[in-house]
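Asks: Below you'll find the structure I mean.
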Amino acid sequence: MMAELSTFDIAGRAMSAQLVRLNAIASNLANAGSLSGSAETAYRALKPVFATAYGRSTATVDVAGIVQTGTPESRHEPDHPLADAQGNVWTAAVDPNQELVEMVETARQYANTVEVLATARGLALDTLRPGR
């Protein structure tokens with residue numbers, strides 16, 4: 001169990017988690033459509049795994065790890081320089097459409113957290129101004 005967290009701590013951790021998610025999406029999109037000579041070396045989409053971290057009366061998120069997902073598909077292209085002995089190449093296990101949807105959702109969640117921080121900052125400043 002961790003120490004008590006402030007709104008700023010919680011929001012910062014949430015933003016860090018979304019940044020990890022955005023970086024994974026960027027890597028996935030950059031490798032979408034890439035080819036390999038075997039299923040073992042073909043690119044697989046990266047997905048962060050999140051875990052809840054509990055304080056005394058609060059909860060936030062931690063990145064527990066990043067896993068590779070998906071199954072590469074083979075295509076028969078015997079003239080391709082990466083083709084294996086059977087003439088197959090393996091495409092990256094990335095769905096660009098899914099990644100773009102994920103990117104929009106992640107960007108929205110990041111923006112929402114920025115709004116939480118701006119509101120918390122405004123409230124803290126209003127509390128510190130006497131005579132208002």
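The values are calculated or read from the model by the stated rules, or taken from the named source; none is laboratory data. Computed from a predicted structure; not experimentally measured. As a convention, Cβ positions derive from the backbone with ideal geometry for all residues, glycine included, and neighbour counts pool all protein chains shown. Accessible surface is based on the protein model in full, side chains and every heavy atom, while ligands, DNA and RNA are left aside. Shrake-Rupley method; radii C 1.70, N 1.55, O 1.52, S 1.80 Å.
Asks: Among 11, 45, 120, which one moves the most in a GNM of the chain with springs linking Cα atoms closer than 10 Å?
Replies: In this elastic network of the chain, the residue with the biggest mean-square fluctuation among 11, 45, 120 is 120.
Asks: With the crude spin-label approximation of a point 7 Å out along Cα→Cβ, what separation in nm comes out for residue 66 versus residue 128?
Replies: With each label point 7 Å from Cα toward Cβ, the separation is 3.6 nm.
Asks: Kirkwood-based Rg over Rh for segment 54-105 (C-alpha set), two decimals? Present the calculation step by step, with values, prior to reporting the outcome.
Replies: Numbers: Rg = 19.2 Å, Rh = 14.8 Å.
Using only Cα positions, Rg/Rh for segment 54-105 is 1.30.
Asks: Separate question: Would you mind calculating the gained length between residue 80 and residue 56 on full extension (0.36 nm times residue separation, minus the Cα-Cα distance), in nm to one decimal?
Replies: Working: separation 24, 0.36 × 24 = 8.64 nm, distance 5.84 nm.
Here the answer is 2.8 nm.
Asks: Ignoring ligands, DNA and RNA, what accessible area per residue does the chain give at 1.4 Å, in Å²? Numbers along the way, then the final one.
Replies: Details: 8340 Å² over 132 residues.
Heavy-atom accessible area per residue stands at 63 Å².
Asks: Any idea what Rg and Dmax come out to for the chain if you just take the C-alpha atoms, in Å?
Replies: When restricted to Cα atoms, the chain yields Rg and Dmax of 21.5, 80 Å.
Asks: Please check: in the Gaussian network model of the chain (C-alpha springs, under 10 Å), which one of 54, 43, 110 has the largest mean-square fluctuation.
Replies: Highest fluctuation of the listed residues: 54.
Asks: I would also like to ask the following. With +1 on the Cβ of every Lys and Arg and -1 on the Cβ of every Asp and Glu, and nothing else charged, how large is the dipole of the chain about its Cα centre, in debye rounded to the nearest 20?
Replies: Working: 10 positive and 14 negative charges, 159 e Å.
Charge dipole of the chain: 760 debye, to the nearest 20.
Asks: Could you tell me which of 64, 111, 23 has its Cα farthest along the dipole of the chain towards the positive end, charges placed at Cβ (Lys, Arg +1; Asp, Glu -1), taken about the Cα centre?
Replies: 111
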